[in-house]
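What follows is a short report on a single structure.
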């Protein structure tokens, strides 16, 4: 529980590759078969069932923590394989089982923040796919179902989808109709600014598609772990992954994506918490600083230096001023960055109120594959009571440059920096 407290609000998504083979022990679904390995099944597994007791346990836990709960629904119920293409599933979605689950949840007072229809079924899919027009029809049916069952619009769960890979043609059609982890080169890709920038066009295209066809909708990244199939061993759970992860947070925010869901809290190499000990991995602390310092309003920032220095700026979540994120992917170059502002405050440079806050994240012993991250030179470790440690900044004269060492990540909070967008 202590690990959950610092992230407020916290969103937990229950779903993934196997969700489209799961039925729920509600309504007419009395039998509840256990999922087993099956060579000819989707992802090598048979169909399975979510027991009523387990659903109760999950909701009771999440409701106690106050976490926002996103649940992935089986989108293949009622469908069958196409004779022309076995990976293509045709027919209308059958909402009967989902309706029974929702009715039960309402009767128990469970707070579901959002329902997501299907996992990775859009575009080319992974093991299964649905045509864009058909998916638009299915998710419209889900939206109508949710609107019917949840009468209060203020507490009504959101309807999310599709969760999967982006293809402009598929998404344009959908929006119009709806009114990998064993990569041996992964560690090098994470440090390559040119490689990381490739996805920018996708985020840009998604944002444009939404704005053109459904301006009231919002783009989400529903699941992203950096490397397919449980993440990269000794990479996704170490300091170096922060180059990719925090860059993604900055980039998606810049392209007006509303939510970014990290895969995963627990499980696989890309887990935010060590799967055995539940001790936070480095990305947990990076996410926590982002959560505490980066506000909702995104600023347009740029620099004239090397492409190995990534820069993102937001109005600060702490109040007045701005927060800048600096990511140095170079293994040898130290950058000195000046935050230029011609509209300074009336506070004297060097006074305690005007001091700049800096949070320097570096790997233990300079090893970018370390599972221990240092904040301003001090290892971030849980306290004896398993609480998150204090994450105090270094106070710096705001007239000085920001020194960004090789292979480091720096959050800079400048209270005295006046940005009109943050007024």
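Numbers at a glance
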item: Unique residue being modelled with pLDDT under 95, surrounded by 19 or more Cβ atoms within 10 Å (Cβ to Cβ), in contact with a helix residue (DSSP H, G or I) (Cβ under 8 Å, 6 or more places away or on another chain) and at negative phi when the list is 240, 178; result: 178
item: Residue selected from the stretch 3-58 under the condition in a helix (DSSP H, G or I) and within 18 Å of residue 93 (Cα to Cα), by the criterion modelled with the lowest pLDDT; result: 42
item: Flag if residue 230 is at pLDDT below 95 and under 27 Å from residue 297 (Cβ atoms); result: no
item: Selection status of residue 325, in contact with a helix residue (DSSP H, G or I) (Cβ under 7 Å, 6 or more places away or on another chain) and surrounded by fewer than 22 Cβ atoms within 10 Å (Cβ to Cβ); result: no
item: Answer residue from the stretch 125-160, given it is in contact with a helix residue (DSSP H, G or I) (Cβ under 8 Å, 6 or more places away or on another chain) and within 17 Å of residue 173 (Cα to Cα) and is surrounded by the most Cβ atoms within 10 Å (Cβ to Cβ) among those; result: 130
item: Top-ranked residue in the stretch 78-110 [being touching a strand residue (DSSP E or B) at 6+ places or on another chain (Cβ under 7 Å) and part of a loop (DSSP other than H, G, I, E, B); ranked as nearest to residue 128 (Cα to Cα)]; result: 87
item: Residue ID - farthest from residue 145 (Cα to Cα), chosen from residues in the stretch 59-76 that are part of a loop (DSSP other than H, G, I, E, B) and in contact with a strand residue (DSSP E or B) (Cβ under 7 Å, 6 or more places away or on another chain); result: 67
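This table checks each residue for (1) crowded, with 17+ Cβ neighbours inside 10 Å; (2) in contact with a helix residue (DSSP H, G or I) (Cβ under 6 Å, 6 or more places away or on another chain); (3) over 11 Å from residue 142 (Cβ atoms); (4) at pLDDT 95 or above.
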{"residue": "73", "(1), (2), (3), (4)": "yes, yes, no, yes"}
{"residue": "82", "(1), (2), (3), (4)": "no, no, yes, no"}
{"residue": "87", "(1), (2), (3), (4)": "no, no, yes, no"}
{"residue": "93", "(1), (2), (3), (4)": "yes, yes, no, yes"}
{"residue": "101", "(1), (2), (3), (4)": "yes, no, yes, yes"}
{"residue": "108", "(1), (2), (3), (4)": "no, no, yes, yes"}
{"residue": "113", "(1), (2), (3), (4)": "yes, no, yes, yes"}
{"residue": "117", "(1), (2), (3), (4)": "yes, yes, no, yes"}
{"residue": "120", "(1), (2), (3), (4)": "yes, no, yes, no"}
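One line per residue, one yes/no per condition, for (1) touching a helix residue (DSSP H, G or I) at 6+ places or on another chain (Cβ under 6 Å); (2) not in a loop (DSSP other than H, G, I, E, B):
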{"residue": "381", "(1), (2)": "no, no"}
{"residue": "384", "(1), (2)": "no, no"}
{"residue": "387", "(1), (2)": "no, no"}
{"residue": "390", "(1), (2)": "no, no"}
{"residue": "400", "(1), (2)": "no, no"}
{"residue": "403", "(1), (2)": "no, yes"}
{"residue": "409", "(1), (2)": "yes, yes"}
{"residue": "412", "(1), (2)": "no, yes"}
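The values are calculated or read from the model by the stated rules, or taken from the named source; none is laboratory data. Source: prediction; values computed, not measured. Methodologically, a virtual Cβ is constructed for each residue, glycine included, from the backbone with ideal geometry; neighbour enumeration extends over all protein chains shown.
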